[in-house]
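Q: Right, I'll just put the structure down here and ask away after.
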Amino acid sequence: MDARARAAMTWLIALKDDPDDTQLQRRIGVWCAEAPANARAYAQALDLWNLLGELPATASPDMESRDEPVEDTVPAAEVAARRGRTGRVVAGGFALALAACVAIFVLPGFLVWLAADHMTGTAELRTVRLEDGTAVTLGADSALDVAFEPGRRRVRLLSGAAFFDVTRDETRPFVVEADGSETTVLGTSFEVGMAGGETGVAVASGLVRVAPEGGAQGTPLELSPGDWSRFGGGGAVERGRTSPEFVASWRKGLLSANEESVAGIAEEIGRYYPGIVLVVGPDLARQRVSGVYSTEDPVRALRAVADAHGAVLRQAGPWLLILSSI
């Protein structure tokens, strides 16, 4: 599920709850101005909501003044700004709000499905073998596009996470593209995953090189077994170490978080929940969490995340979980 689509949907639900809240309108405007992708996500969410008849066609964020249209401003905001007053969110009009949520999340997933060569559903893991013998284990709710070339083996992770056990070929490097990063290897095993607006790489064996996609600015990183790196919005890079046996621990039914954002781990846990998971409140979404969570019981795992931050997990109907500070 796309992080910006989640944020846009949460803003719309909050606006439906209190359409005359000018402060809320300004906050939505600021969020849209942070990135053209945010503005597009909000516009798409608004179009879909209008089709459902839930908001007047004139409803739009009160944009902060800026030098150019929001569609042309700068990228890279994370999942974040979300309305905090959850109680009223689940009040009147819930059925249509939920329908709008489904529309927002299903359509991007459909576009991923069109582009993917291999993909998985909720709580589904799958191992596929590529034409060079490389084994790829896809995590839950993940998608992969394969584009091998004569001189290079190239794949793109479109969503979710994947563990690669690469067949060595010194004449053809193996490159994984994921949300603006390139991971290059000759033959090794490693994980690449995307969640909460961040892209992570962790190495189980061998050496990998991680760099901005297309050779753009930025110093490439070399990672050895047990090393992990995480790329966030604005080019921020984090590094750390873990036991190689914890790399892609979701293959064993566990999700291991190393100072990961609440938004990120909630998104990962949400891949095992047959519905929608929303993190409400920018401060909570940005909080960092470390721990190991079972994929067998996603509700219990999310409750553990909530407890660690003094937050609350609410179930609004059978298909919607809301994690909020209050």
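The values are calculated or read from the model by the stated rules, or taken from the named source; none is laboratory data. Fair warning: this is a prediction, and the values are worked out from it, not measured in the lab. Reconstructed Cβ throughout: ideal geometry from the backbone, glycine too, with neighbour counts over all protein chains shown. The protein model used for the area step is the full one, side chains on, heavy atoms only, and it has no ligands, DNA or RNA in it. Shrake-Rupley method; radii C 1.70, N 1.55, O 1.52, S 1.80 Å.
Listed here are the residues, each with its yes/no results for (1) assigned to a strand (DSSP E or B); (2) farther than 18 Å from Val210 by Cβ; (3) among the polar types (S, T, N, Q).
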{"site": "Val128", "(1), (2), (3)": "yes, yes, no"}
{"site": "Asp132", "(1), (2), (3)": "no, yes, no"}
{"site": "Asp141", "(1), (2), (3)": "no, yes, no"}
{"site": "Asp145", "(1), (2), (3)": "yes, yes, no"}
{"site": "Pro150", "(1), (2), (3)": "no, yes, no"}
{"site": "Arg154", "(1), (2), (3)": "yes, no, no"}
{"site": "Leu157", "(1), (2), (3)": "yes, no, no"}
{"site": "Phe163", "(1), (2), (3)": "yes, no, no"}
{"site": "Thr167", "(1), (2), (3)": "no, yes, yes"}
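Residue-by-condition table, conditions (1) acidic (Asp, Glu); (2) open to solvent by less than 50 Å² (accessible area, probe 1.4 Å); (3) farther than 22 Å from Thr127 by Cα:
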residue	(1), (2), (3)
Val176	no, yes, no
Leu186	no, no, no
Val192	no, yes, no
Ala248	no, yes, no
Glu267	yes, yes, no
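Q: With the requirement that a residue be open to solvent by 40 Å² or more (accessible area, probe 1.4 Å), touching a helix residue (DSSP H, G or I) at 6+ places or on another chain (Cβ under 7 Å) and farther than 17 Å from Ala257 by Cα, what does region 290-318 give you? It would help to see each step written out before you state the result.
A: Filtering region 290-318 for residues open to solvent by 40 Å² or more (accessible area, probe 1.4 Å) gives 290, 292, 294, 296-297, 300, 303-304, 307-310, 312, 314-315, 318.
Narrowing the set further to residues that are touching a helix residue (DSSP H, G or I) at 6+ places or on another chain (Cβ under 7 Å) leaves 294, 309, 312, 314.
The answer is Val312, Arg314.
Q: Is it true that Ser181 is of a type in the set (Ser, Thr, Tyr), in contact (Cβ under 8 Å) with a residue 12 or more places away in the chain and open to solvent by 10 Å² or more (accessible area, probe 1.4 Å)? Write out each step before concluding.
A: Details: of a type in the set (Ser, Thr, Tyr): yes; in contact (Cβ under 8 Å) with a residue 12 or more places away in the chain: yes; open to solvent by 10 Å² or more (accessible area, probe 1.4 Å): no.
So Ser181 fails the test.
Q: Separate question: Going through Gly291, Gly253 one at a time, which residue ends up being at positive phi and touching a Ser or Thr at 6+ places or on another chain (Cβ under 6 Å)?
A: Values: Gly291 fails: touching a Ser or Thr at 6+ places or on another chain (Cβ under 6 Å).
None of the other options fit; the residue is Gly253.
Q: Given the conditions (1) more than 30 Å from Ala7 (Cα to Cα); (2) hydroxyl-bearing (Ser, Thr, Tyr); (3) in contact (Cβ under 8 Å) with a residue 40 or more places away in the chain; (4) touching a strand residue (DSSP E or B) at 6+ places or on another chain (Cβ under 6 Å), and given that Thr127 satisfies all but one, which numbered condition is not satisfied?
A: Condition (3) is where Thr127 drops out.
Q: Pick from region 159-174 the residues that are open to solvent by less than 10 Å² (accessible area, probe 1.4 Å) and of a type in the set (Phe, Trp, Tyr): which of them is farthest from the chain's Cα centre (by Cα)?
A: By that ranking, first place goes to Phe174.
Q: Sticking with this structure for a sec: Check region 124-140 and report whether any residue there is among the polar types (S, T, N, Q), modelled with pLDDT of 95 or more and either touching a Pro at 6+ places or on another chain (Cβ under 7 Å) or open to solvent by 10 Å² or more (accessible area, probe 1.4 Å) (or both).
A: Keep residues of region 124-140 that are among the polar types (S, T, N, Q), which gives 127, 134, 137.
If we keep only those that are modelled with pLDDT of 95 or more as well, we get 127, 134, 137.
Adding the requirement that they be either touching a Pro at 6+ places or on another chain (Cβ under 7 Å) or open to solvent by 10 Å² or more (accessible area, probe 1.4 Å) (or both) leaves 127, 137.
Within region 124-140, one or more residues are among the polar types (S, T, N, Q), modelled with pLDDT of 95 or more and either touching a Pro at 6+ places or on another chain (Cβ under 7 Å) or open to solvent by 10 Å² or more (accessible area, probe 1.4 Å) (or both).
Q: Can you find, within region 214-226, the residue that is farthest from Phe190 (Cα to Cα) among those that are part of a strand (DSSP E or B) and modelled with pLDDT of 90 or more? It would help to see each step written out before you state the result.
A: Residues of region 214-226 part of a strand (DSSP E or B): 221-223.
With modelled with pLDDT of 90 or more added as a condition, the list becomes 222-223.
Working: Glu222: 13, Leu223: 10 Å.
So, considering only residues that are part of a strand (DSSP E or B) and modelled with pLDDT of 90 or more, the one farthest from Phe190 (Cα to Cα) is Glu222.
Q: In region 276-285, is there at least one residue being free of Cβ contacts under 8 Å to residues at least 40 places away in the same chain and either among the hydroxyl-bearing types (Ser, Thr, Tyr) or open to solvent by less than 10 Å² (accessible area, probe 1.4 Å) (or both)?
A: Of the residues in region 276-285, the ones free of Cβ contacts under 8 Å to residues at least 40 places away in the same chain are none.
No, region 276-285 contains no residue that is free of Cβ contacts under 8 Å to residues at least 40 places away in the same chain and either among the hydroxyl-bearing types (Ser, Thr, Tyr) or open to solvent by less than 10 Å² (accessible area, probe 1.4 Å) (or both).
Q: Within the group Ser243, Ser294, Ser261, Ser229, which residue is modelled with pLDDT of 95 or more and of a type in the set (S, T, N, Q)?
A: Values: Ser243 fails: modelled with pLDDT of 95 or more; Ser261 fails: modelled with pLDDT of 95 or more; Ser229 fails: modelled with pLDDT of 95 or more.
Answer to the check: Ser294.
Q: Does region 164-174 contain at least one residue that is among the basic types (Lys, Arg) and closer than 20 Å to Asp117 by Cα?
A: Of the residues in region 164-174, the ones among the basic types (Lys, Arg) are 168, 172.
From the residues that got through so far, the ones that are closer than 20 Å to Asp117 by Cα too are none.
No, because not a single residue in region 164-174 is among the basic types (Lys, Arg) and closer than 20 Å to Asp117 by Cα.
Q: I've got another one for you. Regarding region 210-221, can at least one residue be identified that is within 21 Å of Phe163 (Cβ to Cβ), surrounded by 14 or more Cβ atoms within 10 Å (Cβ to Cβ), touching a Phe, Trp or Tyr at 6+ places or on another chain (Cβ under 6 Å) and of a type outside the set (A, V, I, L, M, F, W, C)?
A: For region 210-221, residues within 21 Å of Phe163 (Cβ to Cβ), surrounded by 14 or more Cβ atoms within 10 Å (Cβ to Cβ), touching a Phe, Trp or Tyr at 6+ places or on another chain (Cβ under 6 Å) and of a type outside the set (A, V, I, L, M, F, W, C): absent.
Q: Here's another thing I want to ask about it. Given the conditions (1) at pLDDT below 90; (2) not in a strand (DSSP E or B), report the number of the one that Ala211 does not fulfil.
A: Tallying (1) at pLDDT below 90; (2) not in a strand (DSSP E or B), Ala211 fails exactly one: (2).
Q: Restricting to region 283-314, what's the tally of residues that are more than 15 Å from the chain's Cα centre (by Cα) and in a helix (DSSP H, G or I)?
A: 13
Q: A follow-up question, please. Select from region 143-158 the residues that are touching an Asp or Glu at 6+ places or on another chain (Cβ under 9 Å) and of a type in the set (Gly, Ala, Ser) and write down the one among them that is surrounded by the fewest Cβ atoms within 10 Å (Cβ to Cβ). Break it down into steps so the answer makes sense when it comes.
A: Initial filter on region 143-158 (touching an Asp or Glu at 6+ places or on another chain (Cβ under 9 Å)): 143-148, 153-158.
Okay, now just the ones that are also of a type in the set (Gly, Ala, Ser), so 143, 147.
Numbers: Ala143: 20, Ala147: 12.
Looking at residues that are touching an Asp or Glu at 6+ places or on another chain (Cβ under 9 Å) and of a type in the set (Gly, Ala, Ser), I get Ala147.
Q: Within the set of pairs 6 or more residues apart or between chains, which connect a residue that is free of Cβ contacts under 8 Å to residues at least 40 places away in the same chain inside region 264-275 to a residue that is of a type outside the set (Gly, Ala, Ser) with Cβ atoms less than 8 Å apart?
A: Here the result reads Ile269/Leu255; Ile269/Val277; Ile269/Tyr293; Ile269/Thr295; Ile269/Pro298; Ile269/Leu302; Ile269/Val305, each pair linking region 264-275 to a residue that is of a type outside the set (Gly, Ala, Ser).
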